[in-house]
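Below is one structure, written out as structure tokens; comments come after it.
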């Protein structure tokens, strides 16, 4: 049976007031801290913890934005964080980008080029947040699925599941390409973890698809998500759904495609959900460190001054 307390905990972390009427999301200020949206964490005084937002921000001495800008010779480096953004020639910038690239942003802004760039710049920030969040989920999920396949291989006497898992042609090609990259085409010893790291999120998403329900999911991969739905078929469907959606938004973000029409809060929920099915700590980690909710809260509103 799935851990219902985990589901409730994750839902509590993601519960936030939404303002969909204005096309954006309003986040309760109690969820905010600089650089990341983070719910308050239970303080364990027996471990010497003190009341604070968790996780704590990392501060690198001497690496302020102003100093970096000055070292790079960037204009407006002395502009305070509360000042208005510097004037830019967005018409000139628009000529550097293709009409197709700016098309959805100009349609959103009604042809207003500066407003279109405001949304374009927001889209870049949203893409970075998506890459950060899905990157965490990818590592958690692929390692969990790999462990389950290794256990199945050990039980069946396999040397490695790379050779013996019942994959289709596409899967076998992906494995061979990953092995080639990990060993530099055979010039270096094969290390299992390096091969796993070379396998894309798309590879793991297809392992969770219904085509492998009997061959891989039921005997092995279901165990990679111990806190997920208790029914194996339902678990496969839900994991496949989450990974499919995350792969889609991650690929669009990676290729600088528009994601401003997506419900990114829903993508965040899927990220936390599938990570939490692997372990509660993983779900909390993703919820605490993801910046998607903060970025969504700053989304430009059409027609705003």
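The values are calculated or read from the model by the stated rules, or taken from the named source; none is laboratory data. These numbers were taken from a predicted model, which means no experiment stands behind them. Note: ideal-geometry Cβ built from the backbone for every residue, glycine included; neighbour counts use all protein chains shown.
Okay, here's what the table says:
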item: Any hit, the range 135-148, residues being more than 21 Å from the chain's Cα centre (by Cα), surrounded by 14 or more Cβ atoms within 10 Å (Cβ to Cβ) and assigned to a helix (DSSP H, G or I); result: yes
item: Members of the range 162-177 that are without any contact (Cβ under 8 Å) to a residue 24 or more places away in the chain and over 17 Å from residue 209 (Cβ atoms); result: 163, 164, 176, 177
item: Search result, residues across the range 268-305 that are in a loop (DSSP other than H, G, I, E, B) and under 26 Å from residue 97 (Cα atoms); result: 298, 299, 300, 301, 302, 303, 304, 305
item: Any chance residue 300 is buried (at least 19 other Cβ atoms within 10 Å of the Cβ) and modelled with pLDDT under 95; result: yes
item: Subset tally (residues that are outside any helix (DSSP H, G or I) and touching a residue at least 40 places away in the same chain (Cβ under 8 Å)) for the range 243-267; result: 5
item: Qualifying residues in the range 189-242 (those that are out of contact with any helix residue (DSSP H, G or I) (no Cβ under 8 Å at 6 or more places or on another chain) and not in a helix (DSSP H, G or I)) - the one surrounded by the fewest Cβ atoms within 10 Å (Cβ to Cβ); result: 230
